[in-house]
1. Relative contact order (percent) for region 150-207, with alpha-carbon contacts under 8 angstrom and 6 or more residues of separation?
2. From the Cα gyration tensor of region 77-141, with a ≥ b ≥ c the square roots of its eigenvalues, which class applies: rounded if a/c is under 1.5, or else prolate if a/b is larger than b/c, or else oblate?
3. Run the numbers on the chain and let me know its relative contact order in percent, using alpha-carbon pairs under 8 Å that are six or more apart.
4. Treating only the Cβ of Lys, Arg, Asp and Glu as charged (+1, +1, -1, -1), what charge dipole size does region 150-207 show about its Cα centre? Round to the nearest 20 debye.
5. Using the crude model of +1 on Lys and Arg Cβ and -1 on Asp and Glu Cβ, and no other charge, please compute the dipole size for the chain relative to its Cα centre, in debye to 20.
6. Arrange the following residues from fewest to most other Cβ atoms within 10 Å of their Cβ: TYR200, TYR4.
7. Let me check I've understood the local charge: for LYS116, count other residues with C-beta under 14 angstrom from its C-beta, Lys and Arg +1, Asp and Glu -1. What total comes out?
8. For the residues MET56, MET115, what sequence is obtained by ranking on other C-beta atoms within 10 Å, fewest first?
Amino acid sequence: MDTYSGAKTAGQRKKDGTKTKELVIPPEIRYVKKRFRKGDYIFTGNEENINFYLLMSGSANVIYNAADGGALQIEHFTAPDFFGEIELLTDRREPLPIVASENCETWILSKEETMKWLRKDFDFCLRIMQRLCQKLYACTFRETERHFLPIRERLLLIFRQYERSGSLDSLTKADLCEQLGIPIRSLNRVIAQCSDVMVYEHKHFRKA
């Protein structure tokens with residue numbers, strides 16, 4: 001793969017609709033570009049990761065595979081975003097599987113180049129810390145939901161999140177099975193219980 005250096009990335013969109021400040025990769029920082037097709041594994045979960053990934057286009061899902069064969073989507077990345085920082089900053093080297101949910105382009109920095117960038121750029125350090133805090137909060141909130149909310153309420157939370165973001169048309173039953181950690185037959189029963197709020201027809205969800 002060709003090696004590149006220096007660039008400007010787009011700011012991340014926040015929940016209030018504003019964007020974070022653009023990240024500027026210093027000209028001395030080197031990286032490679034790699035594309036993934038929808039359905040490709042960016043990480044399989046069976047190999048160590050020693051790189052930092054900038055997701056420049058597309059989106060990807062982090063998947064937890066249970067011992068009984070079930071799968072649960074625990075994180076969703078939409079460009080511009082990044083991942084791999086946990087493996088670089090902790091002793092954890094084996095990431096969870098990450099699958100491209102649509103065609104993606106990533107810029108990949110080695111640990112050495114990432115550390116060089118961190119030492120040079122406080123804005124980059126701050127962005128990493130902010131993102132780690134966001135992930136920690138989201139993880140804590142999800143665990144609380146799983147322990148205290150029934151499946152119906154969790155389904156409606158996901159439905160409303162997609163509705164608010166304007167991406168309801170992209171929500172599929174497969175997405176819901178992954179996020180809720182339930183098989184399709186169980187999902188169909190829960191959808192039927194939510195008919196006063198949401199409707200599934202012609203392979204799309206809409207508000208009732």
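1. 38 percent
2. rounded
3. Across the chain, relative contact order equals 19 percent.
4. With only Lys, Arg, Asp and Glu charged at Cβ, the dipole is about 100 debye.
5. It comes to approximately 520 debye.
6. Going from least to most buried by this count: TYR4, TYR200.
7. Once all neighbours under 14 Å are counted, the net charge is 0.
8. Ordered by Cβ neighbours within 10 Å, fewest first: MET115, MET56.
Laboratory data are not the source of any read-out in this text; all were calculated from the coordinates shown. Just so it is clear, the model here is predicted, and its values are computed rather than measured. Here the Cβ is made from the backbone with ideal geometry for all residues, glycine too, and neighbour counts use every protein chain on show.
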